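Read the structure below first, then the notes.
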Amino acid sequence: MHKKMKTKMGSYSTKGNLTINTLLKHLPNKLIEYVILHEMTHSQERKHNERFWKIISKKIKEHQKREKDLLVYWFLVQTLTLSN
Ligand SMILES: [Zn+2]
């Protein structure tokens with residue numbers, strides 16, 4: 001997910017393994033849950049297309065806000081943990 005970012009938050013392999021970056025533990029539970037949902041949804045749809053967001057929005061209506069919050073938190077977490 002989110003290729004623009006330096007570090008991956010997580011991934012979902014074709015074998016069905018969900019990998020979550022340990023840095024995510026610094027994020028609010030709400031956002032951790034969102035990352036898990038996002039990655040799990042990739043098991044149904046690999047691309048970030050219309051179908052993908054449709055599946056997500058069935059579970060979380062305010063997914064756009066979550067994505068935004070996530071970017072802010074992820075940037076901060078990386079900045080704070082990589083600075084020293
Ligand atoms: Zn993704």
Review point. Mind listing the Cα extents of segment 8-55 along all three principal axes, in Å, largest one first?
Key: 30, 23, 14
Check your understanding: Which length gain, in nm to one decimal place, applies between GLU33 and LEU76 when the Cα-Cα distance is subtracted from 0.36 nm times their residue separation?
Key -> 13.6 nm
Review point. Helix 63-82 versus the longest principal axis of the chain: what angle, 0 to 90°, nearest 10, using Cα atoms?
Key: 30
Check your understanding: Looking at the chain, which longest stretch skips every one of the trypsin sites (Lys or Arg not before Pro) that is in a DSSP loop with at most 10 other Cβ atoms within 10 Å, leaving the sites themselves out?
Key -> 16-46
Point to revise | Hull shadow area, averaged, the chain [alpha-carbon convex hull, nm²] | key: 5.5
Check your understanding: In degrees, nearest 10, range 0 to 90: what is the angle between the Cα axis of helix 50-59 and the longest Cα principal axis of the chain?
Key -> 80
Check your understanding: Roughly what angle does helix 29-41 make with the longest principal axis of the chain, taking Cα atoms, 0 to 90 degrees, to the nearest 10?
Key -> 40
Check your understanding: Distance in nm between label sites at GLU45 and HIS26, each 7 Å beyond Cα in the beta-carbon direction?
Key -> 3.1
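Bear in mind these aren't lab numbers, they're just calculated from the coordinates by the rules spelled out. These numbers were taken from a predicted model, which means no experiment stands behind them. Every residue, glycine as well, gets a Cβ built from its backbone with ideal geometry; the counts of neighbours run over all protein chains shown.
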